[in-house]
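The structure appears below as structure tokens.
The values are calculated or read from the model by the stated rules, or taken from the named source; none is laboratory data. What you see is a predicted model, and the numbers here were worked out from it, not measured in a lab. Cβ atoms come from the backbone with ideal geometry, glycine included; neighbour counts cover every protein chain shown. We work out accessible area using only protein heavy atoms, side chains counted, and drop any ligands, DNA or RNA first. Shrake-Rupley method; radii C 1.70, N 1.55, O 1.52, S 1.80 Å.
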Amino acid sequence: QVQLVESGGGLVQAGGSLRLSCAASGRTFSSYAMGWFRQAPGKEREFVAAISGSGAMIRYADSVKGRFTISRDNAKNTVYLQMNSLKPEDTAVYYCAGTSRFADITTPAYNYWGQGTQVTVSS
């Protein structure tokens, strides 16, 4: 079992930055690919970014490419999402999640989910 706890959300003005963190329990963290998803009010949860267990493979949604950076520190059992040049449309609850299937970016592929952290970007 893996338990995930996100932190770092908040209110920021458009153009600003935030860094989300996701701390994982368990001794097998490096064996899981980790992803970030987000869900805005009235919308479906959508993929944002994913990173393989070793960190060698990364992928992003087109909407965040060039602005967001996912990384992980396996020694600290933590995955990060650095968000720069934030836009009002980035406003959502952000979730981190774990999977054994890096190539599958659909939500059903992810077995473990955090509770989410709110990110609000004002215009």
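The set of residues from region 71-92 being in contact (Cβ under 8 Å) with a residue 60 or more places away in the chain and open to solvent by 10 Å² or more (accessible area, probe 1.4 Å) comprises Tyr80, Gln82, Asn84, Ser85, Lys87, Pro88. In the set (1) within 16 Å of Glu6 (Cα to Cα); (2) modelled with pLDDT of 95 or more; (3) part of a loop (DSSP other than H, G, I, E, B), the condition left unmet by Ala97 is number (3).
Listed by first and then second residue, the pairs linking a residue in region 59-70 that is assigned to a loop (DSSP other than H, G, I, E, B) to a residue that is of a type in the set (Phe, Trp, Tyr), with Cβ atoms under 6 Å apart and 6 or more places separating them unless they lie on different chains, are Ala61/Phe47. Screening Gln13 with (1) among the polar types (S, T, N, Q); (2) within 15 Å of Tyr110 (Cβ to Cβ); (3) surrounded by fewer than 13 Cβ atoms within 10 Å (Cβ to Cβ) gives one miss only, at (2). Considering region 51-61, the residues that are within 16 Å of Thr106 (Cβ to Cβ) and out of contact with any Phe, Trp or Tyr (no Cβ under 6 Å at 6 or more places or on another chain) include one that is surrounded by the fewest Cβ atoms within 10 Å (Cβ to Cβ), namely Arg59.
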